[in-house]
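Heads up, the thing below is written out as structure tokens.
The values are calculated or read from the model by the stated rules, or taken from the named source; none is laboratory data. Bear in mind the structure is a predicted one, so any value in this text is a computation, not a measurement. As a convention, Cβ positions derive from the backbone with ideal geometry for all residues, glycine included, and neighbour counts pool all protein chains shown. Remember, those area values only see protein heavy atoms, side chains included, never the ligands or the DNA or RNA. Shrake-Rupley method; radii C 1.70, N 1.55, O 1.52, S 1.80 Å.
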Amino acid sequence: MRSIVIASGKGGVGKTSIALNLGLVLAQQGKRVVIVDADVSMANVGIMLGIERAPISLHNVLMGETNIRDAVYEGPYKLKYVPSSLSLERVKRLSMERLKGAIADLEPIADYVIIDSPPSLNRETEYALMAAKEMLLVVTPDPASLADALKVLNFASKNSVSVMGIVINMSIGDKNEVKKDDVETLLSSQVVVSIPEDMEMRRATIAQVPLVMRSPQSPSAKKIRELAAAITGEAVIQPETKVKKSLLRKIIDFLTGRKDPQ
Ligand code: ADP
Ligand code: MG
């Protein structure tokens, strides 16, 4: 079983979106995936999936009330996930130290455990990082995001979490953006993939339908499939594009009786 934490220095850089869509792509390819929503104060994974109510959540696990296997739910493509609950009151009483052991308990049912983590380097984030063997660090290509990312990298290296690589997200291709090479030099790590700023990503969040299901042909979905391939070491599988027929083509085909090949 591989355990990969999706981390970042800053909040709002796309961790949850990437964790969820990456998990879905791997699940679609037949991998046994469990997403663990360790952003205990935001509980966004369930919201993005459009599944908001879960009687047993990671909170119960972290409070020692139940085994993590009782908090596993099934989503699309047999993707499994462990939600957080939205009760802020209970967050204060959680024992994040229990997370690592809980993740280990997923071994019999998972090939990949993807851990979505809270933003900024606080106590919860530190435990989320230490619960995983590998880390993907999400940054946006601007100096503030990279400065915060450095702190996370330092913490990871001190706690023997191996850095799988960097994901640049929300790149707009602006000349003032920090370039991929500079990101790699600054963070001394390899950039696995650069995901463009893509309106479809925001639309998916608003619609509560994951991007790779709602807009599989979007540029960001393609990049997430590349990321999945980089993780598994398998070939990138992109869905076929259906060529849209022009109105003129449709009329000509109708008049000449031409049928589409099946
Ligand atoms: P985090 O978990 O790091 O706080 P989220 O995944 O919740 O970040 O994303 C924050 C917002 O940014 C969401 O509205 C999401 O749709 C949007 N977003 C994420 N990635 C992209 C992208 N590549 N292009 C455009 N919007 C994005
Ligand atoms: Mg999040």
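Here are some notes:
- Antiparallel bridges, percent of DSSP beta bridges restricted to the chain (to nearest 5): 5
- The three principal axes of the Cα atoms in the chain give end-to-end lengths of 71, 44, 32 Å, sorted in falling order.
- Cross-link partners of K245 among lysines (Cα-Cα below 20 Å; sequence separation of 8 or more within a chain): K259
- Antiparallel DSSP beta bridges within the stretch 1-121, as percent of all bridges there, nearest 5: 15
- Accessible area of the chain divided out per residue, in Å², using a probe of 1.4 angstrom: 49
- Taking a straight Cα-Cα cut-off under 17 Å and skipping sequence neighbours fewer than 8 places away in the same chain, the aspartates and glutamates within cross-link reach of K250 are D260.
- Sequence-distant residues sharing a close amide H with V36 (under 5 Å, placed H): V82, I114, I115, D116
- Here the contact order of the chain, divided by its residue count and restricted to Cα pairs under 8 Å and six or more residues apart, works out to 23 percent.
- Among the listed pairs K100/K180; K80/K180; K78/K222; K31/K158; K15/K151; K10/K179, a Cα-Cα separation exceeding 28 Å is found for K100/K180; K80/K180; K31/K158.
- Amide hydrogen neighbours beyond the local backbone of E197, cut-off 5 Å, H modeled: M170, S171, I172
- Our helix-only sum for the chain, with -39,500 (n - 2.57) per DSSP H run of n ≥ 4 divided by its residues, gives a mean residue ellipticity at 222 nm of -11000 deg cm²/dmol.
- Point-charge dipole on Cβ atoms (K/R +1, D/E -1) for the stretch 2-256, about Cα centre, debye to 20: 580
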